[in-house]
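To start, the structure itself, in C-alpha cells.
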Amino acid sequence: MPKSKTLAEVKEKIAKTENDIRQSENKVKRLLQMNRQQERNARTRRLIERGAILESLIPSVAHFSNEQVKTLLVHALGTSVAEEVIDGYVEEHNKALAATNGAEQPTPA
C-alpha cells in the first residue's frame with residue numbers, strides 16, 4: 001500500500017516543480033537570446049565582408065557617399081545581365097534548399 005504524502009510534502013514538491021519550471025523558462029530565454037546574438041554577429045560579419053568586397057572591386061568607393069554607392073548599385077544591378085545572374089543564383093539557392101528539405105521550394109516573386 002503506497003504511503004500517502006503529507007500536505008507539507010506535497011507543497012514542497014509543488015514549490016520544487018515551480019522552481020524547475022522557472023529555471024527551464026530562464027534557460028529557454030537565455031538560449032533564444034544567444035541565438036539572436038549569433039544571428040546579429042553573422043549579419044554584421046556578412047555586411048563587413050560584402051563592404052570589403054565592394055571596396056576591393058572599386059577602390060575609390062570609400063570616398064563615395066552612401067547615396068552614391070546606392071545609386072551605383074541600382075544602375076549596375078538593374079541591367080538585364082545582372083538580373084539574369086541574380087535569378088540564376090536564386091534558382092541555385094532554391095534547389096539547394098529543396099535538396100536539403102526533400103521538397104521543392106517556391107521561387108520568391
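Criterion first (surrounded by 10 or more Cβ atoms within 10 Å (Cβ to Cβ), acidic (Asp, Glu), part of a helix (DSSP H, G or I) and more than 27 Å from the chain's Cα centre (by Cα)) does Asp20 satisfy it?
Taking the combined requirement at face value, the residue satisfies it.
Out of all the residues in region 30-50, is one or more outside any helix (DSSP H, G or I) and either under 22 Å from the mean Cα position of the chain (by Cα) or surrounded by fewer than 10 Cβ atoms within 10 Å (Cβ to Cβ) (or both)?
Checked against the condition, which is being outside any helix (DSSP H, G or I) and either under 22 Å from the mean Cα position of the chain (by Cα) or surrounded by fewer than 10 Cβ atoms within 10 Å (Cβ to Cβ) (or both), region 30-50 yields no hits at all.
Inspect all residues belonging to region 64-74 and state whether any of them is modelled with pLDDT under 95 and not in a helix (DSSP H, G or I).
no
If you take the residues of region 53-75 that are among the aliphatic types (A, V, I, L, M), in contact with a helix residue (DSSP H, G or I) (Cβ under 7 Å, 6 or more places away or on another chain) and surrounded by 11 or more Cβ atoms within 10 Å (Cβ to Cβ), which of them is nearest to Ile86 (Cα to Cα)?
Leu54
Specify the residue that is nearest to Leu54 (Cα to Cα); the eligible residues are those in region 86-109 that are surrounded by fewer than 11 Cβ atoms within 10 Å (Cβ to Cβ) and modelled with pLDDT of 95 or more.
Tyr89
Here are the criteria: (1) surrounded by fewer than 10 Cβ atoms within 10 Å (Cβ to Cβ); (2) in a helix (DSSP H, G or I); (3) polar (S, T, N, Q). Tell me which single one Ser4 does not satisfy.
Among (1) surrounded by fewer than 10 Cβ atoms within 10 Å (Cβ to Cβ); (2) in a helix (DSSP H, G or I); (3) polar (S, T, N, Q), the lone unmet condition for Ser4 is (2).
The values are calculated or read from the model by the stated rules, or taken from the named source; none is laboratory data. Remember, it's a predicted structure, so these values are computed and weren't measured experimentally. Here the Cβ is made from the backbone with ideal geometry for all residues, glycine too, and neighbour counts use every protein chain on show.
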